[in-house]
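Just below is one structure, and these are the notes that go with it.
The values are calculated or read from the model by the stated rules, or taken from the named source; none is laboratory data. Everything numeric in this text was worked out from a predicted model, so none of it was measured. Cβ coordinates were reconstructed from backbone atoms using ideal geometry, including for glycine residues, and neighbour counts include every protein chain displayed. Keep in mind that these areas ignore ligands, DNA and RNA; they rest on the heavy atoms of the full protein, side chains included. Shrake-Rupley method; radii C 1.70, N 1.55, O 1.52, S 1.80 Å.
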Amino acid sequence: LILHFVYTNTTNNRMELMGVLSALKYFPNPTDMTIYSDSAYIINNLKNGFVKGWIESNDSEKKNMDIWREIVKLYEFHNVNLVWVKGHNNNKYNELADLYANISAVVLNPEKDEI
């Protein structure tokens, strides 16, 4: 299964978050899963509970809270194991994800991200 979205007016972090959100949304029932990401921004903030703290304190200074809120709900719904992988380090699947992202960015008609 390959899911891909293309947006203009966005950031790398938002697109990384959208990838995680899409994976979590794909499964309608609670599911055991492992999500691999080269985004320390995502892995560290979820694993260390920082995002949940931002939500509870209604921290308006934090970016991407619209996506983070959805991710946290689904992260708690599923049983998720998060694994950080080093980017651009010959990891077969990470390189494949980068390839798909780069192709999508130039081939597909992008939507405007409503940041």
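Summary of values
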read-out: Identity of the residue in the range 57-84, closer than 21 Å to M33 by Cβ and either without any contact (Cβ under 8 Å) to a residue 12 or more places away in the chain or more than 14 Å from the chain's Cα centre (by Cα) (or both), that ends up most open to solvent (accessible area, probe 1.4 Å); value: K73
read-out: Contacts under 7 angstrom Cβ, first residue in the range 91-104 being within 17 Å of A23 (Cβ to Cβ), partner open to solvent by 70 Å² or more (accessible area, probe 1.4 Å) and not hydrophobic (A, V, I, L, M, F, W, C), 6 or more apart; value: Y93/Y36; Y100/H4; S104/H4
read-out: Filter pass, K52 being touching a residue at least 12 places away in the same chain (Cβ under 8 Å) and touching an Asp or Glu at 6+ places or on another chain (Cβ under 9 Å); value: yes
